[in-house]
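Beneath this line is the structure, given in structure tokens, with notes to follow.
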Amino acid sequence: MAKTIVVLGATGIQGGSVVAKFLSLGWKVRGITQNTPSPSAQALSSQGIEVVSADKDDPASLVAAFSGAEVIFAVTNFWEPFYRKYAELSKQEDQVAGEYAAAIETHRGKAIVDAAAKILQEEGKLERFMSKYPALLQEKDLWEKRSLLNMGIYMTNVKDYGDAFRLKRKDDGSGEYIYHNASPNAAEHTFVVPTDAGSLIELLVRSPSKQDLLGVSEAASFATFFEIWGQVTGNKVTCEEVTVEAHDRGRPGGLGREAAESMASSAEFGWGDLVLPKDVSSIPCEIKEMFELTCSA
């Protein structure tokens, strides 16, 4: 009998990748979404996926959605509440929007963990629980059953959110780009293809419990990252080191600081003792391959 995986955010980038991966492996997939009539949810249903409505702000709905699962993939979205209130809260202090979004993310994460713990107690058969670290602190009993996936910097950010990350064309009319880097240009960061999430989660499910996995497709400095991007797209990018404060001034309201502090923290502290995909298997898509697949100009 096929095992069941429950996927929160099944219509999103990470969740959609997990859905596709486990469906290809013959698992029964239950996709959780707030809007079951949406075209994306109906597309999942047409593939034989059980689409169920549940709300991270409604713990009872999560308990019902998790029932009977062997594996739960749980993810929360910091940026959704951040952007929803950004126009209003960015007029206040820089960190207000981030603090607001973080509080909602923690609240929703705890609701997910509580629901998973309830199912664990009632059914006693959950094998894995993938979620975010702060939420797991709420339920110590889940530590023996959980594995964590820590996604690196999305490679697609340069294309989708270049302005937020301070990638701009130069003002000299050359058509060249400049990237304001809030970390040393030589510092290496962990980049990941968002749609690798499915393969990373499948890797965790096949591995012993209590893995703390760093979701990375390739580690590189921003200088190398943009050199590769330039080779593929025909663009030239100069990386200029700036302070967090300068980055914040260039994109005021909290978004610039949020991005800058993330890069500065990655450069200064790294990712500690997290397990790398290569330590247990391999995730094939590297930076150049991803750009060749997604950037034609």
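Select from segment 47-72 the residues that are out of contact with any Gly (no Cβ under 8 Å at 6 or more places or on another chain), crowded, with 17+ Cβ neighbours inside 10 Å and among the aliphatic types (A, V, I, L, M) and write down the one among them that is nearest to residue 1 (Cα to Cα). If we take residues in segment 47-72 being out of contact with any Gly (no Cβ under 8 Å at 6 or more places or on another chain), crowded, with 17+ Cβ neighbours inside 10 Å and among the aliphatic types (A, V, I, L, M), then 69 is nearest to residue 1 (Cα to Cα).
Return the residues of segment 36-46 that are surrounded by 15 or more Cβ atoms within 10 Å (Cβ to Cβ) and free of Cβ contacts under 8 Å to residues at least 12 places away in the same chain; say none if nothing qualifies. Correct list: empty. Listed by position, the helices (runs of 4 or more DSSP H) inside segment 152-234 whose residues that are closer than 24 Å to residue 251 by Cα and in contact (Cβ under 8 Å) with a residue 12 or more places away in the chain number at least 3 are 222-233. Here segment 1-31 is the region considered, the condition is being of a type in the set (A, V, I, L, M, F, W, C) and within 17 Å of the chain's Cα centre (by Cα), and the residue that is surrounded by the most Cβ atoms within 10 Å (Cβ to Cβ) is 7. Got at least one residue in segment 219-234 being more than 21 Å from residue 159 (Cα to Cα) and among the hydrophobic types (A, V, I, L, M, F, W, C)? No. Within segment 235-262, residues that are more than 12 Å from residue 168 (Cα to Cα) sit with their Cβ atoms under 6 Å from residues that are outside any strand (DSSP E or B) and among the hydroxyl-bearing types (Ser, Thr, Tyr), at 6+ positions apart or across chains, in these pairs: 253/90; 254/90. The single residue among 169, 146 that is closer than 21 Å to residue 75 by Cβ and modelled with pLDDT under 90 turns out to be 146. State yes or no: is residue 199 within 20 Å of residue 17 (Cβ to Cβ), among the hydroxyl-bearing types (Ser, Thr, Tyr) and more than 15 Å from the chain's Cα centre (by Cα)? It is false that residue 199 is within 20 Å of residue 17 (Cβ to Cβ), among the hydroxyl-bearing types (Ser, Thr, Tyr) and more than 15 Å from the chain's Cα centre (by Cα). Of the residues in segment 287-296, none is closer than 23 Å to residue 198 by Cα, modelled with pLDDT under 90, part of a strand (DSSP E or B) and under 19 Å from the mean Cα position of the chain (by Cα).
When segment 149-166 is limited to residues that are at pLDDT 80 or above and of a type in the set (A, V, I, L, M, F, W, C), the one that is surrounded by the fewest Cβ atoms within 10 Å (Cβ to Cβ) turns out to be 151. If we scan segment 225-241, do we find a residue that is crowded, with 20+ Cβ neighbours inside 10 Å, touching a Ser or Thr at 6+ places or on another chain (Cβ under 8 Å) and over 21 Å from residue 268 (Cβ atoms)? No, segment 225-241 contains no residue that is crowded, with 20+ Cβ neighbours inside 10 Å, touching a Ser or Thr at 6+ places or on another chain (Cβ under 8 Å) and over 21 Å from residue 268 (Cβ atoms). Any residue that is in contact (Cβ under 8 Å) with a residue 60 or more places away in the chain and of a type in the set (Phe, Trp, Tyr) - is there at least one of those in segment 22-35? Scanning segment 22-35, I find at least one residue that is in contact (Cβ under 8 Å) with a residue 60 or more places away in the chain and of a type in the set (Phe, Trp, Tyr), so the answer is yes.
Of the residues in segment 19-29, at least one is modelled with pLDDT of 95 or more, aromatic (Phe, Trp, Tyr) and not in a helix (DSSP H, G or I).
The values are calculated or read from the model by the stated rules, or taken from the named source; none is laboratory data. None of these values were measured; they are calculated from a predicted model. So basically every Cβ, Gly included, is an ideal-geometry build from the backbone, and we count neighbours across all protein chains shown.
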